[in-house]
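Structure first, then comments.
Quick note: the coordinates plus some simple rules give every number you see, no bench work behind them. Predicted model, so just to flag it, every value in this text is computed and none were measured. Every residue, glycine among them, receives a Cβ derived from its backbone with ideal geometry; neighbour counts consider all protein chains shown.
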Amino acid sequence: MSAFDTAIVDERQSFAVSRNVLWPGVALILAFLVGWPLFAPNPFLFTIATFIVLNAIGATSLHLIIRTGHISLGHAAFMGVGAYCCVLSVTRFGLPPVLGLVIGMAGPALLALIIGPVVLRLMGKYFVLVTFLLGEIIRMVFVEWTSVTGGSNGISGLPPLHPSLASPIATYYVCLAASVACVALCARILSSEVGRTIDSIREAEKVAECSGVPVIRLKVSIFVLACGLVGLQGGLLAFFLHYIDPTSFSMVESLNLVVMNVVGGMYSLGGPLIGTVFIVALPELLRGYVELQRVFFGIILIVVMAALPGGMVEIFGRARRLLSTQMDRTAR
Amino acid sequence: MFTTTILGQAFLNGLSLSAIYVLIALGFTLLFGIMKVVNFAHGSFAMLGGYALYYLYGVLGLPYLPAILLSAFGVATAGLVLEVLVFRWFYQKMFQSMIGLLGLNIAIVFTCVIVFDVYERSIPPALDGVLQCGDLIIPTDRLLVVAIAAVVLLAFWAFMSLTRYGLAMRAAAQDVEIAETQGIRTGQIYKLAFFVAIFMAALAGGIYAQIYALSPFMGDRPLMVAFVVVILGGMGSIPGAALGGIIFGFGESFLSTFYGSAVSSFVSFGAVIALLILRPWGLLGVPE
């Protein structure tokens with residue numbers, strides 16, 4: 001049994017956006033992301049926006065893994081490995097922060113390269129379970145290895161990425177640039193020959209293998225790439241917060257990344273992006289009564305999953321179908 | 001270090017831990033096996049069981065045995081409302097259920113934060129006495145807990161293997177469509193399985209809250225343990241959950257007594273990962 005409902009796969013057909021809508025849309029969104037700070041220079045908004053663009057890195061990189069048919073419940077742990085590699089190389093070995101970011105990407109990628117060939121042979125729910133346990137073990141290492149990681153207190157006192165980039169607005173633009181680069185990379189991969197191959201692995205692994213696709217090698221490469229990218233998020237997060245501790249990389253955070261993908265929609269790149277905005281921004285918009293806001297958040301999750309099993313991207317498909325049937329009717 | 005006293009104490013501790021873990025994991029695996037829902041809200045039902053016991057036993061002062069049974073019964077009955085409102089949407093949808101029920105968990109936990117506040121409370125012990133066997137000191141309320149759990153588990157076993165409803169449930173767990181063609185009303189079976197699962201979770205939650213502490217967030221640990229125990233035994237396998245709960249309970253008790261809780265967590269998680277890689281369907285599960 002595959003972990004996916006066939007119903008979702010059918011819905012996917014309707015998401016294909018025609019090119020003449022896609023590019024102006026992307027340009028519009030990018031212009032908005034670059035331009036809004038000029039009109040609303042509000043520190044609170046900067047914080048939320050930085051969190052959104054950072055989480056977009058994690059959600060889209062997880063999306064790459066999900067497209068191969070594997071749902072990782074340990075993605076935030078890899079983010080943590082990246083963050084700790086980055087922070088330790090800067091604070092302990094005095095490397096320049098930019099080099100630290102590179103090491104923060106290399107660390108989780110290396111870890112993924114070691115464990116990927118073993119765990120990616122597991123299918124469906126077993127992969128979910130094993131990544132969940134791996135994530136917990138990695139988190140326990142962060143907590144228990146106090147001499148290096150500082151235990152539950154974490155590591156604080158991180159320098160800014162660059163002395164000239166200390167202001168919130170500069171941080172936002174750095175994170176935005178990294179995020180756009182990551183999303184663009186994922187979009188390029190998914191729309192290429194490799195992207196088709198990835199989809200074929202998810203839909204019918206045996207058939208793909210018989211057609212000459214090096215299944216395990218491709219899955220490991222995607223896993224390594226995705227874990228490297230989420231390591232970048234970890235590094236940037238550390239520079240943004242000037243502080244890291246194990247709770248930022250727990251199973252709750254991994255689950256959050258999965259939730260972003262599932263709530264948005266698992267089978268197109270738009271899904272995790274919509275999901276990220278929704279999951280990060282919604283709790284902030286419902287601010288006021290903190291507990292009540294969490295209750296609403298939970299109820300909204302239930303309603304979204306019950307009403308739109310294919311995620312929020314499904315709204316567009318449904319709207320379009322509704323529109324076309326209406327137009328058919330009026331034409332008659 | 002390995003004296004009989006400490007070994008005996010660790011054994012007793014393992015016994016009560018196993019009882020709690022088996023109760024929680026059985027319900028979790030039952031829901032997964034029959035309805036294919038991953039109940040991430042299981043821990044919150046255990047927490048509700050803890051609060052129900054707190055009010056019935058600690059505040060109202062009912063006798064212990066009726067109080068704990070009534071609290072589990074009450075939570076399970078109230079849970080049936082959620083079955084109609086929430087769970088019904090997610091049957092046979094493993095993936096959507098994970099996220100949707102995670103939302104339910106958040107909603108329940110934070111509703112409890114609003115209603116009961118976040119501070120930890122404690123439930124008074126059921127019995128004060130202590131049994132002394134040589135050097136071994138046995139608190140009698142631990143024995144009572146183990147006895148209650150054993151009786152409930154025995155009743156569950158009898159229900160599943162001796163009654164027609166139990167048979168119908170096992171049939172539905174094996175293949176829903178074929179069970180339906182044989183005239184089994186799966187809608188009713190789902191409700192029944194849900195009730196039984198929540199009953200056991202709430203009971204275990206009451207016991208857990210009594211041994212440790214009661215707070216709106218206490219459900220996280222039982223949920224995590226249920227998840228790992230069910231993986232260990234095999235997703236959806238009922239004997240597997242029982243065996244997994246016993247192994248995990250005793251393993252945790254002995255390892256944390258002798259080597260500390262960090263070692264215990266590393267060893268148990270590492271062992272489960274190794275098992276998943278070599279035998280992904282668990283100890284007593286069936287390969288697909």
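Rounded to whole Å, give me the distance from the Cα center of the range A:255-327 to that of the range B:1-68.
35
Using θ = phi - 60° and the Karplus curve 6.51 cos²θ - 1.76 cosθ + 1.60, what whole-Hz ³J(HN,Hα) does each residue of the range A:242-252 get, with Gly and Pro shown as x?
Each residue's phi maps through the Karplus curve to give 6, 6, 9, 8, x, 5, 6, 10, 7, 4, 4 Hz.
Can you spot the lysines whose alpha carbon is less than 23 Å from residue B:191's alpha carbon? Ignore those fewer than 8 places along the same chain.
B:36, B:93
Once the convex hull of the alpha carbons of the range A:180-222 is built, what does its volume come to per residue, in cubic angstrom?
58
Projected area of the range B:64-220, taken from the Cα convex hull and averaged over every viewing direction, in nm²?
Averaged projected hull area, Cα only: 11.8 nm².
For chain B, what are the DSSP H helices with axial Cα length of 30 Å or more and mean Kyte-Doolittle hydropathy of at least 0.5?
Once both thresholds are applied, what remains is B:4-35, B:64-85, B:94-116, B:140-162, B:186-211, B:238-259.
Using helices alone, what [θ] at 222 nm do you get for chain B, with -39,500 (n - 2.57) per DSSP H run of 4 or more residues, divided over all residues and rounded to the nearest 500?
-25000 deg cm²/dmol, from helical runs alone.
Strictly greater than 26 Å: what percent of every Cα pair in the range A:202-332 meets that?
Tail fraction, whole percent: 45.
Just want to confirm a number: the relative contact order over chain B, from Cα pairs under 8 angstrom separated by 6+ residues, in percent.
37
Loop-only check: which chymotrypsin sites (Phe, Trp or Tyr not before Pro) in the range A:69-173 are DSSP coil with at most 16 other Cβ within 10 angstrom?
Filter output for the range A:69-173: A:93, A:145.
Only counting other Cβ atoms within 10 Å, I'd like A:330, A:68 sorted with the fewest neighbours first.
Going from least to most buried by this count: A:330, A:68.
Please report B:200, A:123, B:235 as a ranked list, fewest other C-beta atoms within 10 angstrom at the top and most at the bottom.
A:123, B:235, B:200
What list of ³J(HN,Hα) couplings, whole Hz, do you get for the range A:184-194 from phi and the Karplus terms 6.51, -1.76, 1.60, once you set θ to phi - 60° and write x for glycine and proline?
The phi angles translate into 5, 4, 4, 5, 4, 4, 6, 8, 8, 3, 4 Hz.
Let's test the formula: R0 of 25 Å, r as the Cβ-Cβ distance of residue A:325 and residue A:252. What FRET efficiency results, to the nearest 0.05?
0.05
As an exercise, use a Förster radius of 60 Å and the Cβ-Cβ distance of residue B:150 and residue A:93 to find the FRET efficiency, rounded to the nearest 0.05.
0.60
How big is the shadow of the Cα convex hull of the protein assembly as shown, averaged over all directions, in nm²?
Taking the Cα atoms of the protein assembly as shown, their convex hull projects to 32.4 nm² on average.
Relative to the longest principal axis of chain A, what angle (0 to 90°, nearest 10) does the C-alpha long axis of helix A:215-241 take?
It is inclined by approximately 50 degrees.
Taking the Cβ of each residue in B:218, B:98 as the centre, tally the other Cβ atoms inside 10 Å and list the residues starting with the fewest.
In order of increasing Cβ crowding within 10 Å: B:218, B:98.
Need one number: convex hull volume per residue for chain B, Cα atoms only, in Å³.
134
Determine the relative contact order of the range B:155-288: mean sequence separation of Cα pairs under 8 Å and six or more apart, normalised by residue count, in whole percent.
17
Using a cut-off of 19 Å between alpha-carbon atoms, which aspartates and glutamates can reach residue A:219, once sequence neighbours fewer than 8 places away in the same chain are excluded?
Result set, ordered by chain and number: A:193, A:199, A:203, A:205, A:209.
Calculate, axis by axis, the spread of Cα positions in chain A along the three principal axes, and write the results as whole Å, longest axis first.
Computed over the Cα atoms, the extents are 72, 53, 38 Å.
Residues with beta-carbon under 12 Å from that of residue A:205, excluding residue A:205: net charge, scoring Lys, Arg +1 and Asp, Glu -1?
+1
Taking the Cβ of residue A:152 as the centre, find all other residues whose Cβ is under 14 Å away and add up their charges (Lys, Arg: +1; Asp, Glu: -1).
Every neighbour counted, the sum reads -1.
Considering the range A:63-188, what Rg and Dmax in Å follow from its alpha-carbon atoms?
Just the Cα atoms of the range A:63-188 yield Rg and Dmax of 16.3, 47 Å.
Give the relative contact order (percent, whole number) for chain A; include only Cα pairs under 8 Å separated by 6+ residues.
Value for chain A: 31 percent.
Beyond 16 Å, what percent of the Cα pairs of the range A:259-332 remain?
The calculated P(r) of the range A:259-332 puts 56 percent of pairs beyond 16 Å.
May I ask you to derive the FRET efficiency for residue B:118 and residue A:47 from their Cβ-Cβ distance with R0 = 41 Å, giving the value to the nearest 0.05?
Here the calculated transfer efficiency is 0.95.
Considering every pair of different Cα atoms, what Kirkwood radius, in Å, is found for the range B:165-214?
One over the average 1/r among Cα pairs gives 12.2 Å for the range B:165-214.
Give, as a single signed number, the net charge of other residues whose beta carbon lies under 15 Å from the beta carbon of residue A:77, with Lys and Arg counted +1 and Asp and Glu -1.
Every neighbour counted, the sum reads -3.
Enter the Cα centre distance for the pair the range B:88-139 and the range B:211-282, rounded to the nearest angstrom.
So the separation of the two Cα centres works out to 16 Å.
Pairing the Cα long axis of helix A:270-285 with the longest principal axis of chain A, what angle in degrees results, from 0 to 90 and rounded to the nearest 10?
60
Over the alpha-carbon set of the range B:220-288, work out the extent along each principal axis and list the three values in angstrom, largest first.
37, 22, 20
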